[in-house]
1. How about the range 24-40: which of its residues are in a helix (DSSP H, G or I) and over 46 Å from the mean Cα position of the chain (by Cα)?
2. Let me spell it out: the conditions are (1) buried (at least 21 other Cβ atoms within 10 Å of the Cβ); (2) not in a helix (DSSP H, G or I), and Ala206 meets all of them except one. Which number is the exception?
3. Looking at the range 114-133, which of the residues that are buried (at least 20 other Cβ atoms within 10 Å of the Cβ) and of a type outside the set (A, V, I, L, M, F, W, C) is nearest to Met288 (Cα to Cα)?
4. Residue check, Phe246 against (1) aromatic (Phe, Trp, Tyr); (2) within 32 Å of the chain's Cα centre (by Cα); (3) in a loop (DSSP other than H, G, I, E, B), all met but one. Which one?
5. Can you confirm whether Val110 is in contact with a strand residue (DSSP E or B) (Cβ under 9 Å, 6 or more places away or on another chain) and under 16 Å from Ser100 (Cβ atoms)?
6. With the requirement that a residue be more than 9 Å from Val208 (Cβ to Cβ) and among the aromatic types (Phe, Trp, Tyr), what does the range 147-166 give you?
Amino acid sequence: MEFNWLRDFIALTATQSFSRAAEERHVSQPAFSRRIRALEAAIGATLINRETLPLSLTPAGEIFHAQAQLMLRSLEETIERCQAAEVEDENLLRLAASQSLYSTYHGDLVQPHVDRGDLTVELGSVDWPAEKYPASLHSGGVDLVMVYWHPSLGFLRGLDQGAYTYCVVARDRLMAFSKPGPDGKPLHRLPGSDKTRVPLITYGSASVLRPVVDDLLDRNAGTANTLLVSQNALSSSVKALILEGFGLGFLPRRFAAPELDRGTLVPAGDDRFTADLEIRLYRRRENMKPRLDPLWAAFCDMTTDGDHDNVAPFTSTKQGD
């Protein structure tokens, strides 16, 4: 059943004449009559009493007439809402970021744009599996993706193709951390002893940072004598278990900065067990939302002073512009 048939039926009940209704609907009378017949066939009941002058409705037609008006009114309201949502979506920019990135950078990098109404954060993204970030950007589910980048992160390789562009908004360093003992030294550290395996708290297989940790341990296989004690999806969970003293784990240095300042976490590995990270912001080149270009420029041109040792400040490294 087509919605145009409903409009035909409403016009016919209003004019009580096939010829006048056909003229009002801008079709020939034979075509209009066929459409009314098709509507009746779809309903499975005769709606028009053609034996009366003027035309009248059958009992089934009376019932259908009231419902047809409701259906058309509902359709028109739905169309209006969809059109309004389309306009709103054109002015709405969505950002996806991992939990550690969002909690680290939202105050000085993200929240100002949210406060101005330029941006909304896809909060569900904080615990997405790694592969969902490029997939959501590709599908248009989000307009911007902020992720850690390291050569070991294979799930990002598709975003290095020509359909996407990125800028580096900050740099960070993945490091091993431990709870300190009474002497202020780490309870657990790398490289470990040949006799004792170091308890390791790491990330689940779907985590963005898991490949970086695996790469570090693989490159130092001769000295990284570890015992896996826990795998977690979120950096906050890894940090919480390290703080309890269950083992050492790897965290981005900015994410661990508050605990470093308080002395509740201490570095637990030498330079062999560190990895430089870029914080990249990605977008699709073909995304033509009118507010995206100014926001992109604001993000990629932002700079700030570095406030933690060994962590580079925000930069403006652009690619493909």
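Nothing in this text is a laboratory measurement; each read-out follows from the coordinates by a stated rule. Quantities reported herein were computed from a predicted structural model and do not represent experimental measurements. Using ideal geometry, Cβ is built from the backbone for each residue, glycine included, and neighbour counts are taken over all protein chains shown.
1. Glu24, Gln29, Pro30, Ala31, Phe32, Ser33, Arg34, Ile36, Arg37, Glu40
2. (1)
3. Tyr133
4. (2)
5. So Val110 fits the description; yes.
6. Trp149, Tyr164, Tyr166
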